[in-house]
Amino acid sequence: DGVRTELSLVVDSVFPKNRLFRALKNFQTQFPDTRVHLTEILRGESVGQLRERSADLYITTLAPENAIHGRFLLDVDFVPIAKSDHPLLALPVPLTAQDLARFPLISVADRHLPDTGHRPAGTVANWTFTTVGAAMEAIAVGVGYGWLPQESVKDALENGALSLLALSARTVRQTALY
């Protein structure tokens with residue numbers, strides 16, 4: 001009857017999970033016999049995944065000119081956060097780059113990206129994780145601070161486990177998904 005038996009998706013790990021799984025639930029309702037294979041990737045992995053062209057649908061940070069047939073989908077807001085009792089929150093606000101440099105920046109990065117090893121004097125080593133969940137857990141135990149997707153940390157901000165950092169520069173960064 002023309003219905004596919006399998007659908008392969010490649011989705012950037014910062015795509016809001018609640019939206020993703022609601023969409024997949026709707027898909028399942030309409031196509032209950034179609035098997036779904038979901039691969040989560042990081043920004044740096046997008047180029048390789050697109051080059052392989054092994055999936056049916058891609059949601060990545062690459063702009064349409066770099067994609068196969070891409071179009072803008074949404075912006076993901078990243079907010080600066082730390083554990084609610086982190087020493088950064090005891091400093092006078094707004095926090096400066098010098099304040100932040102005294103603590104590890106927790107980030108999500110491709111495991112294959114090289115570490116340059118170069119840090120300005122007076123700064124501490126940053127930590128990288130390959131999943132948003134692991135980065136959030138590291139921040140939640142107080143290892144450092146980080147910029148994570150607002151939708152991923154919403155509950156932890158609301159229940160007081162994490163707090164927003166008051167910075168002297170912009171307090172929301174956006175990443176476009178296509």
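The values are calculated or read from the model by the stated rules, or taken from the named source; none is laboratory data. Please read these numbers as outputs of a predicted model, since none were measured by experiment. Ideal geometry is used to build each Cβ from the backbone, glycine not excepted, and the neighbour counts take in all protein chains shown. For the accessible areas, the whole protein counts, side chains as well, though only heavy atoms, and no ligand, DNA or RNA atoms are used. Shrake-Rupley method; radii C 1.70, N 1.55, O 1.52, S 1.80 Å.
Of the residues making up the range 148-162, those that are open to solvent by 30 Å² or more (accessible area, probe 1.4 Å) and touching a residue at least 60 places away in the same chain (Cβ under 8 Å) number 6.
Could you tell me whether V10 is assigned to a loop (DSSP other than H, G, I, E, B), modelled with pLDDT under 95, touching a strand residue (DSSP E or B) at 6+ places or on another chain (Cβ under 8 Å) and not charged (D, E, K, R)? So V10 does not fit the description; no.
Of the set (1) assigned to a helix (DSSP H, G or I); (2) at pLDDT 80 or above; (3) loosely packed, with under 13 Cβ neighbours inside 10 Å, all apply to R51 but (2).
Just so you know, in the range 78-92 the residues that are within 24 Å of S152 (Cβ to Cβ) and among the hydrophobic types (A, V, I, L, M, F, W, C) include one that is surrounded by the most Cβ atoms within 10 Å (Cβ to Cβ), and it is I81. Across the range 134-147, the qualifying residues are those that are in contact (Cβ under 8 Å) with a residue 12 or more places away in the chain and not aliphatic (A, V, I, L, M), and the one among them that is farthest from E158 (Cα to Cα) is G144.
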